[in-house]
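Single-structure report; data block below.
Every read-out reported here was derived from the displayed coordinates using simple, explicitly stated rules and does not represent laboratory data. Since the structure is predicted, the reported quantities are computational estimates derived from the model, not experimental observations. So basically every Cβ, Gly included, is an ideal-geometry build from the backbone, and we count neighbours across all protein chains shown.
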Amino acid sequence: MANQLYNEQMQQGFMNQFNSFMQNPMQFLMQKKINVPQQLAGDPHGAVQHLLNSGQMTQEQLNSLTQMAQKMGVKL
């Protein structure tokens with residue numbers, strides 16, 4: 001069972017990555033070796049759909065990220 005310190009560190013790491021993503025989504029994705037066509041740069045839903053369709057992300061991964069973001073107060 002994870003302890004509170006571990007959970008806080010995980011949340012902080014997630015928030016740091018989320019903030020980096022929000023500042024420059026395409027750069028963040030490129031650094032993570034995630035391929036999203038440039039024409040989808042301004043379309044978050046289209047980019048996520050592309051990641052799902054291309055197999056770069058599973059529905060389970062998306063669900064997990066969505067739940068974590070919602071727990072941290074991110075409005076989706």
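General observations
- Asn19-Met57 pseudo-label distance in nm [points 7 Å out on the Cα-to-Cβ vector]: 2.1
- Label-point gap, in nm, between Gln39 and Gln4 - each point 7 angstrom along Cα→Cβ: 5.1
- Solvent-free Debye scattering, log10 I(q)/I(0), computed from the Cα coordinates of the stretch 1-66 at q = 0.16, 0.19, 0.27 Å⁻¹: -0.62, -0.82, -1.27
- Ellipticity estimate at 222 nm from DSSP helix runs (n ≥ 4, -39,500 (n - 2.57)) divided over the chain, nearest 500: -20500 deg cm²/dmol
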